[in-house]
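This report refers to the structure that appears directly beneath it.
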Amino acid sequence: MTEILEQRKKQVLENGKDSYALECGKASTAGSVSQRACVFCGSRVVLYPIADALHLIHGPIGCASYTWDIRGSMSSGPELHRMSFSTDLRENDVVYGGEKKLYAALVELIDTYAPKAAFVYSTCIVGLIGDDVEAVCARVSREKLIPVLPVHSEGFKGTKKDGYRAACEAVFKLTGKDPSTPVSKFSINILGDFNLAGETWIIKDYYRRMGIEVVSCITGDGRVDEIRRSHRAALNVVQCSGSMTYLAKMMKDEYGIPFKRVSYFGIEDMSSALYDVASFFDDPEINEATENLVRSEVSALLPDLADYRRDLEGRKAAIYVGGSFKAFSLVKALRHLGMDTVVVGSQTGSSEDYEYLKEITDEGTIICDDANPLELSRFILEKGADLLIGGVKERPIAFKMGIAFCDHNHERKEALAGFEGMRNFAREVHASVTSPVWKYSPARLAMGKEARKGGES
Amino acid sequence: MSDVSVQKKIQARPFASTRNACKLCAPLGACFVFRGVEGCIPLIHGSQGCSTYIRRYGISHFREPIDIASSNFTEASAIFGGRDNLVQAIENVSRQYAPKVIGITSTCLSETIGENVPMYLFDYKRTHDSSDLPVLVYASTPSYRGSHMDGFHEAIWSLVSSLVPCRDEGLHRGEKERERGSSRVNVISGFVSPEDIRELHEILTSFGVPYTLLPDYSESLDGPSWETYQKLPEGGTPVADIRAMGEAMGTLYLGKAVSPERNAGSWLESERDVPLYPLNLPIGIEETDRFFFALERVTGKPTHAKWKKIRGRLVDAYIDGHKYCSGKKAIVYGDEDFVCSMVSFLDETGINPVIAATGAPSTVFAARVKSLLRNSRSPCRIMDDTDYATILEVAREMSVDIVIGNSKGLYLSRNLGVPLVRCGFPVHDRIGGQRILHLGYRGALNLFDQVCNALMQSKQDSARSGYTYI
């Protein structure tokens with residue numbers, strides 16, 4: 001059994017048993033095999049869905065290769081974001097500097113692809129070799145008459161969270177630039193939704209049915225022109241708050257736009273997201289439309305969930321996701337399926353997040369920050385989880401342990417947001433948990449789980 | 001996909017930037033080699049993201065746990081050096097995984113700030129009881145030099161040159177070994193699939209001689225379902241087998257895109273007088289014949305009759321399918337050695353490779369491809385240091401029937417409206433990438449069926465009536 005590394009002991013606790021506050025927000029322990037990525041990753045995933053912008057990665061080739069077409073973010077129009085552009089720095093550039101190459105790359109790519117704006121991501125070595133990325137961006141911006149925005153995302157300068165911040169700082173520079181386009185008084189921006197498998201479209205449709213105008217989705221199915229007028233919206237609605245709250249705060253300070261943190265996963269959180277927005281505007285028509293919408297969606301959804309719940313009742317779940325806000329929703333969503341969460345952790349949660357997780361989970365639930373594969377496999381085994389919710393890196397852990405898996409990460413191809421997302425979620429969990437393949441899993445047979453449960457389903 | 005609308009504006013000029021890269025960075029190749037050594041965990045000396053990205057990229061292809069540690073640079077380590085992080089990483093990874101070997105790679109970051117990892121390791125070993133330490137192997141893999149394939153060969157070189165005893169220590173024993181007729185053979189497998197490595201095992205076993213196959217991730221990156229969680233999956237070339245490479249009668253190095261200074265086969269030849277047989281990856285009849293011939297020469301034993309039978313079946317399949325393939329135009333892309341051998345294979349089936357492309361710069365790629373085009377009747381555009389966007393632009397100027405290579409070629413196949421046969425690395429959008437067989441006569445049979453069937457389906461799909469017999 002894996003011993004938890006000394007430096008990480010306080011980053012794991014058992015709810016009800018350990019009284020200390022969970023340590024978090026620190027750099028990953030060297031050699032711990034963290035599931036986290038880096039600052040660059042944080043910036044890249046947040047800005048990725050802005051579909052009519054050029055995303056140029058300044059550095060050696062790896063960072064661009066590993067992020068080509070990485071998210072399932074859909075666009076209703078241009079798809080420039082699905083191309084991977086890199087300055088592909090070589091040894092000579094490292095010796096003599098990469099500014100010339102960066103300039104040439106920006107000019108040729110802007111001439112060729114006519115983007116509405118360009119983001120230039122600095123990777124690890126850019127600062128070390130002395131490139132003045134700001135100056136090159138400013139020059140190209142002057143010459144090509146589009147915003148060219150540096151994103152300070154050197155991998156080692158913090159954690160993924162710092163990358164979110166760098167992304168927010170870059171995108172903030174686009175806001176406040178279009179004062180003329182008229183905007184409804186009942187208007188919002190959607191922050192922190194990335195239109196994975198078309199999720200933004202689902203959410204946008206709810207707001208449309210409520211009578212609320214969405215000015216910009218900032219990122220999901222994002223367009224530069226929409227972001228340029230986003231400062232005119234009445235409210236910022238922030239989901240995936242770990243990544244975009246910083247932008248919401250900047251927009252509040254600069255333009256006085258209040259913001260609300262919401263989640264679009266699960267029934268309660270999805271409903272309260274819509275009610276929270278409705279109550280902000282406090283308009284009788286909007287209130288009524290919202291009530292109708294929630295009522296009709298939920299009443300259509302519940303009978304479907306009941307079917308899934310029959311098979312899932314009493315099963316146990318482990319959750320390991322990037323941001324802990326999503327974990328809150330998942331704990332609640334799993335309850336609707338009759339499932340208890342026995343392990344829950346995230347890469348980048350804050351102490352308040354973890355305190356809240358303590359409140360909403362049962363005694364005995366393991367809560368962990370910045371876990372690694374060996375810890376996760378140990379917790380899953382100890383707690384007898386039947387399902388792991390995570391991303392691609394967690395998937396083989398689940399499968400090798402002989403338990404079900406649901407992909408809730410940014411590569412997913414199933415829409416899991418909104419009421420219909422909850423239905424998809426239930427279907428996906430059900431399909432994996434009740435699959436007949438577990439009958440053959442040596443791990444399941446060794447645990448005696450097949451004889452006890454799998455045989456019936 | 002994305003650049004369809006703006007395509008007209010693009011001119012045939014070289015870009016300063018790389019657009020949809022057809023290569024990966026060096027640490028990736030090194031990490032997979034290290035995963036192919038028994039009890040070895042890779043450790044990347046750099047930012048946390050490097051290990052996570054490489055893990056994710058590998059997991060999507062192999063669909064197996066791929067644990068890679070990181071020394072997790074911070075701003076302080078970038079300024080003051082990463083020695084403390086590296087030491088902490090070695091100790092933590094040892095504590096958690098109890099590895100037999102730690103395969104350490106550098107990154108663009110650690111190389112740029114001039115980290116002297118060999119010195120760190122020397123000091124570390126000096127101050128620690130060696131009996132408790134795992135074997136520490138270091139591969140220098142700056143991501144700004146070469147591609148993942150350079151990292152791959154570098155890691156092999158570092159394993160061999162640091163584990164095989166040098167002339168002074170070992171020659172006497174090696175000589176004796178050979179005098180009494182050792183028939184040991186070394187095979188360095190190239191960046192091939194776990195299924196390919198299993199095929200190599202079967203071939204080598206059939207010669208009935210002891211052998212070292214390096215790297216061997218046939219189990220560690222494609223294992224069975226487990227009973228209990230394995231910290232480090234079973235399988236991999238045992239360290240003892242690597243140490244024994246100096247005693248072999250010959251080294252078959254599959255793949256020629258290796259720099260002479262970092263060729264583990266050359267090292268064995270110069271340090272231990274083990275003759276080197278540089279070979280292309282044995283894909284297709286011609287290259288597989290060469291491989292068996294080399295094995296016969298080194299071991300002094302004949303090829304087992306079963307391979308001749310399979311070869312016969314392959315010839316039979318080529319004949320059965322030749323009319324569907326004849327004159328069809330293919331795009332082949334990927335790493336240099338993979339492309340060269342695929343060109344050789346396609347050329348012998350009557351398919352004309354019209355674009356042969358590789359992402360890394362190479363001075364010999366064009367000559368290698370030309371020498372392997374023995375039958376093709378169409379001119380072939382041979383491009384090194386290129387990317388998918390450029391390949392697509394060139395392909396639009398010609399008519400192409402099929403795209404053959406890793407799943408990133410979807411970008412080409414979708415835009416050109418022709419089928420994609422997935423092989424090589426990575427295969428991220430299908431299951432079973434790790435089980436694709438390319439090597440040997442059976443590999444050629446598999447590839448031939450895939451390619452032929454894709455062409456037949458294309459014909460079927462485009463025929464109004466569809467055909468139930470083709």
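The values are calculated or read from the model by the stated rules, or taken from the named source; none is laboratory data. Fair warning: this is a prediction, and the values are worked out from it, not measured in the lab. Cβ atoms come from the backbone with ideal geometry, glycine included; neighbour counts cover every protein chain shown.
General remarks:
- For the residues B:354, B:339, B:369, B:332, the requirement of being surrounded by fewer than 24 Cβ atoms within 10 Å (Cβ to Cβ) and in contact with a strand residue (DSSP E or B) (Cβ under 9 Å, 6 or more places away or on another chain) singles out B:354.
Quick grid of which residues meet (1) within 24 Å of residue B:408 (Cα to Cα); (2) modelled with pLDDT under 95:
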site: A:71; (1), (2): yes, yes
site: A:127; (1), (2): no, yes
site: A:140; (1), (2): no, no
site: A:159; (1), (2): no, yes
site: A:172; (1), (2): no, no
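- So residue A:253, is it assigned by TED's automatic domain parsing to the domain that holds residue A:209, among the acidic types (Asp, Glu) and either touching a strand residue (DSSP E or B) at 6+ places or on another chain (Cβ under 8 Å) or crowded, with 17+ Cβ neighbours inside 10 Å (or both): no
- Note on region A:414-444: residues that are more than 14 Å from chain B (Cβ to nearest Cβ), surrounded by fewer than 18 Cβ atoms within 10 Å (Cβ to Cβ) and of a type in the set (A, V, I, L, M, F, W, C) amount to 1.
- Considering region B:348-443, the qualifying strands (runs of 3 or more DSSP E), each wholly inside and each with 2 or more residues that are in contact (Cβ under 8 Å) with a residue 40 or more places away in the chain and over 28 Å from residue B:16 (Cβ atoms), run over B:402-405.
- Qualifying positions in region A:362-383 - within 14 Å of chain B (Cβ to nearest Cβ) and not in a helix (DSSP H, G or I): A:370, A:371, A:372
- Of all the criteria given as (1) in a strand (DSSP E or B); (2) at the interface with another protein chain (Cβ under 7 Å from one of its Cβ atoms), the one not satisfied by residue A:125 is (1).
- Among the residues of region B:12-70, those that are at pLDDT below 95 and more than 8 Å from chain A (Cβ to nearest Cβ) comprise B:12, B:13, B:14.
- With respect to (1) in a helix (DSSP H, G or I); (2) in contact with an Asp or Glu (Cβ under 8 Å, 6 or more places away or on another chain); (3) modelled with pLDDT of 95 or more; (4) more than 7 Å from chain B (Cβ to nearest Cβ), the lone exception for residue A:40 is condition (4).
- Cross-chain or 6+ apart pairs with Cβ under 7 Å, region A:164-187 first and charged (D, E, K, R), then surrounded by 17 or more Cβ atoms within 10 Å (Cβ to Cβ): A:165/A:246; A:173/A:147; A:173/A:149; A:177/A:228; A:178/A:228; A:178/A:229; A:185/A:234
- Residue A:399, sole failed condition from (1) assigned to a helix (DSSP H, G or I); (2) away from chain B (no Cβ under 14 Å); (3) within 16 Å of residue A:316 (Cα to Cα): (2)
- Residue in region A:179-198 that is within 14 Å of chain B (Cβ to nearest Cβ) and within 25 Å of the chain's Cα centre (by Cα) present: no
- Spans of helices (runs of 4 or more DSSP H) in region B:32-133 with at least 1 residues among the aromatic types (Phe, Trp, Tyr): B:48-62, B:75-80, B:83-97, B:117-126
- Any hit, region A:22-29, residues being within 10 Å of chain B (Cβ to nearest Cβ) and closer than 15 Å to residue B:49 by Cβ: yes
- Filtered by the rule that a residue be in contact (Cβ under 8 Å) with a residue 24 or more places away in the chain and either assigned to a helix (DSSP H, G or I) or under 29 Å from residue B:108 (Cα atoms) (or both), region A:136-146 gives A:136, A:137, A:139, A:140, A:143, A:144.
- Any chance residue B:60 is hydroxyl-bearing (Ser, Thr, Tyr) and under 18 Å from residue B:425 (Cβ atoms): yes
- Selection within region A:128-161: residues that are within 28 Å of residue A:244 (Cβ to Cβ) and at the interface with another protein chain (Cβ under 9 Å from one of its Cβ atoms). The member of this set that is surrounded by the fewest Cβ atoms within 10 Å (Cβ to Cβ) is A:158.
- Top-ranked residue of region B:95-108 - restricted to ones that are within 8 Å of chain A (Cβ to nearest Cβ) and out of contact with any helix residue (DSSP H, G or I) (no Cβ under 7 Å at 6 or more places or on another chain), ranked as surrounded by the most Cβ atoms within 10 Å (Cβ to Cβ): B:108
- The selection criterion, being small (Gly, Ala, Ser) and closer than 30 Å to residue A:80 by Cα, holds for residue B:399.
- Only residues that are without any contact (Cβ under 8 Å) to a residue 40 or more places away in the chain and within 27 Å of residue B:342 (Cα to Cα) were counted across region B:234-283, and they come to 8.
- Under the condition of being surrounded by fewer than 23 Cβ atoms within 10 Å (Cβ to Cβ) and under 20 Å from the mean Cα position of the chain (by Cα), the residues counted in region A:215-233 number 1.
- Across region B:205-240, the qualifying residues are those that are closer than 15 Å to residue B:33 by Cα and charged (D, E, K, R), and the one among them that is surrounded by the most Cβ atoms within 10 Å (Cβ to Cβ) is B:216.
- Total residues in region B:301-342, condition more than 30 Å from residue B:384 (Cβ to Cβ), out of contact with any helix residue (DSSP H, G or I) (no Cβ under 7 Å at 6 or more places or on another chain) and in a loop (DSSP other than H, G, I, E, B): 1
- A count restricted to region B:120-137 and to residues that are within 24 Å of residue B:25 (Cβ to Cβ) and either at pLDDT below 95 or surrounded by fewer than 23 Cβ atoms within 10 Å (Cβ to Cβ) (or both) stands at 3.
- Considering region A:319-361, the residues that are in a helix (DSSP H, G or I) and among the hydroxyl-bearing types (Ser, Thr, Tyr) include one that is surrounded by the most Cβ atoms within 10 Å (Cβ to Cβ), namely A:329.
- So residue A:53, is it at pLDDT 95 or above, among the hydrophobic types (A, V, I, L, M, F, W, C), closer than 21 Å to residue A:224 by Cα and not assigned by TED's automatic domain parsing to the domain that holds residue A:193: yes
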